[in-house]
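Report on the structure given below.
The values are calculated or read from the model by the stated rules, or taken from the named source; none is laboratory data. Nothing here was measured: the structure is a model prediction, and the numbers come from that model. Positions of Cβ are generated from backbone atoms using ideal geometry, with glycine treated the same way; all protein chains shown enter the neighbour counts. These area figures cover heavy atoms from the full protein model, side chains too; ligands, DNA and RNA do not enter into them. Shrake-Rupley method; radii C 1.70, N 1.55, O 1.52, S 1.80 Å.
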Amino acid sequence: MARIGMNPARHRKTDYRPAEVTVVVLVYIPHLSGYWEHRLDVLKLCLGTIFKHTEVPYDLMVFDNACCVEVKGYLRELQEGGQLQYILSSSENIGKLGALRLISGAVPGDVIAYTDDDTFFYPGWLSSHLEILRSFPKVGMVSGSPERSLFDHGIQSNLRYAEAESDVQLSYGKTIPESWEREWAVSLGKDVPSY
């Protein structure tokens, strides 16, 4: 269909510049009953700790993986209030891998700080991750997961890099406090690791 005239914003310049880091939260809360009865409160706590404990400039993106009306409303409120820059929304649950594919192509920042919607963030979490990433730029990924064996398969390239670099000192050991790993296991209903 033809139009009359030119879009008045066509040649307008924008001051928009994305933050270096885009914090991305994947949210799947299809309703607020049963298993999901308190999930909106958990999401609010997760996002609240991001707001409170992230001292590095960032943009916040949420991937709504077919959430219920109440969650969609909450996310819109955050966006209207300026706390949430981007909402990607799917009409049906496309799974974690499907969401990650879309997220990876949509993130405007240079660094993706990805999380699920049930993570509690401590002060300094992002600056600590960025310090490691900047110190070792070839590693590609840094994880804050407090579980020793969760990423064994995903860190093989990091280990090969560390072993090949003469200026990198590689040490092995139990560097995660046992209390963190126990809390992680209990929160997921897993067996508490025995040491």
#### Entry: Long-range amide H partners of Tyr114 with built H, under 5 Å
Val24
### Task
Before anything else, pin down the relative contact order of the chain: Cα pairs under 8 Å, at least 6 apart, normalised by residue count, whole percent.
23 percent
### Query
Of Leu45, Leu75, which has the most accessible area and how do the rest follow, probe 1.4 Å?
Leu45, Leu75
### Task
At 0.36 nm per residue, minus the direct Cα-Cα distance, what do Gln83 and Leu188 gain on full extension? Give it in nm, one decimal, please.
34.9 nm
### Query
Once Rh for the range 1-158 is found with the Kirkwood sum over Cα pairs, what is the Stokes-Einstein diffusion coefficient at 4 °C and 1.567 mPa s, in µm²/s?
74 µm²/s
### Summary
Listed by chain and number, the residues whose amide H is under 5 Å from that of Ile87, excluding neighbours fewer than 5 places away on the same chain and using placed H, are Val62
### Query
Which entries in Lys96/Lys190; Lys13/Lys44; Lys52/Lys96; Lys13/Lys96; Lys52/Lys72; Lys44/Lys190 show an alpha-carbon gap greater than 29 Å?
Lys13/Lys44; Lys13/Lys96
### Query
Once Lys and Arg get +1 and Asp and Glu get -1 on their Cβ, which of Leu84, Leu102, Ile112 lies farthest toward the positive end of the dipole of the range 66-118?
Leu102
### Task
Mark the label point 7 Å from the Cα of Ile94 along Cα→Cβ and return the residues of the range 51-74 whose backbone N is within less than 15 Å of it.
62-67
### Query
Rounded if a/c is under 1.5, else prolate if a/b is larger than b/c, else oblate: which is the range 1-68, with a ≥ b ≥ c the root eigenvalues of its Cα gyration tensor?
oblate
### Task
Rounded to the nearest 10 degrees, what's the angle between the helix 69-80 long axis and the longest principal axis of the chain, both from Cα atoms, 0 to 90?
80 degrees
### Task
Please work out the average accessible area per residue across the chain, using the 1.4 Å probe convention, and give it in Å².
67 Å²
### Task
Could you tell me which GluC sites (Glu not before Pro) in the range 1-98 are loop residues by DSSP with no more than 14 other beta carbons within 10 angstrom of their beta carbon?
Glu20, Glu37, Glu55, Glu92
### Query
Taking the Cα centre of the chain as origin and charging only Cβ (+1 Lys, Arg; -1 Asp, Glu), how large is the dipole, in debye to the nearest 20?
780 debye
